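Contents: one structure, followed by commentary.
The values are calculated or read from the model by the stated rules, or taken from the named source; none is laboratory data. A quick note: this is a predicted structure, and the numbers were derived from the prediction, not measured. Cβ placement follows ideal geometry from the backbone for every residue including glycine, while neighbour counts extend to all protein chains displayed.
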Amino acid sequence: MPPELQKVLNYKPFGGSEEAITVANLALVLLLVLAGYAAGRLCMYVLRRRLGHSKLGADAVQAISRVAFWLIIVLVFLTALSLLQIPLTAFAFVTGAVAIGVGFGAQNILNNFISGWILMTEKPIRIDDFVEIDGMHGVVEGIGNRSTRIRRVDGVHLLVPNSSLLERNVINWTLVDRAIRTSVRVGVAYGSPVRRVEELIGQAVREQSDINPDPEPRVIFEDFGDNALVFDTYFWCDVSGEKDLRKIRSNIRFRLCELFAEHGITVAFPQRDVHLDATSALPVRLIDSGEDRDEH
């Protein structure tokens, strides 16, 4: 090694005794931090790829990879302190001061960070769950340190702070299972054979392979409407979101239109009967050669 380079590496920017920190120590620590961070990210990537094909859920895979990343970062930090010959006791006072500063200045960051770990341990929301927040529907794609990424049904990504998911009302459609009850309403014209209508609706529902046979679908004669005899059918199905429900309901309506057409049953539409009283005379104004005259 050239003497000039060796002199630069052995230079002690902070002065002190023989055991003082040198430029070589600082360079080694910098390389160690960069290499440790890269190793942590690589470890997260490898764990997600390997465990992604296992029986573990996506949220468990993310939690394991995150724990591995932070363990590597802690080891790198402790190794760096050892290279710099800095004892952990030297951070006792600094740690207390930092804790006070963090408590006042980073409450939201810590709140969201801790909330993220609570979400991954208690699992009220998991990756790939279909959730509803403030009327917005979407699939949970990832739970980060600060926020949770949700992909809405229209493809837009929604970032929600982790603490908000614990403090607000969140509807999780797939928390326990994917069984959802939904319904389809149809109105038929007055005079239609109601028992036949009931049979046709039940047939249209049972023909759909996506509908669960248990509990059995039910057809209810709901009401005598203003313009129609109203029927509701209720059924259960296993879905992963609102999109699947809309597709199933659409298939039922398509089939109902075919069955009703085959059996001469009319789907009702709004109608109004207008009655004119011809016994009272109405004034009629006629225009003749530019002159107006009234005839009764």
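Okay, here's what the table says:
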{"item": "Which numbered condition residue 248 misses (of (1) farther than 30 Å from residue 273 by Cα; (2) without any contact (Cβ under 8 Å) to a residue 60 or more places away in the chain; (3) assigned to a helix (DSSP H, G or I))", "result": "(2)"}
{"item": "Hey, residue 197 within 13 Å of the chain's Cα centre (by Cα), in contact (Cβ under 8 Å) with a residue 24 or more places away in the chain and either outside any helix (DSSP H, G or I) or closer than 19 Å to residue 259 by Cβ (or both) or not", "result": "no"}
{"item": "The listed residue being out of contact with any His (no Cβ under 7 Å at 6 or more places or on another chain), exposed (fewer than 14 other Cβ atoms within 10 Å of the Cβ) and either modelled with pLDDT under 75 or in the same structural domain as residue 130 (by TED's automatic domain parsing) (or both), out of 105, 57", "result": "105"}
{"item": "Within the stretch 102-169, strands (runs of 3 or more DSSP E) holding 3 or more residues that are without any contact (Cβ under 8 Å) to a residue 40 or more places away in the chain and under 17 Å from residue 66 (Cβ atoms)", "result": "147-152"}
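Listed here are the residues, each with its yes/no results for (1) under 28 Å from the mean Cα position of the chain (by Cα); (2) modelled with pLDDT of 95 or more; (3) not in a strand (DSSP E or B); (4) not aliphatic (A, V, I, L, M).
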site: 213; (1), (2), (3), (4): no, no, yes, yes
site: 231; (1), (2), (3), (4): no, yes, no, yes
site: 237; (1), (2), (3), (4): yes, no, no, yes
site: 240; (1), (2), (3), (4): yes, no, yes, yes
site: 265; (1), (2), (3), (4): no, no, yes, no
site: 270; (1), (2), (3), (4): no, no, yes, yes
site: 273; (1), (2), (3), (4): no, no, yes, yes
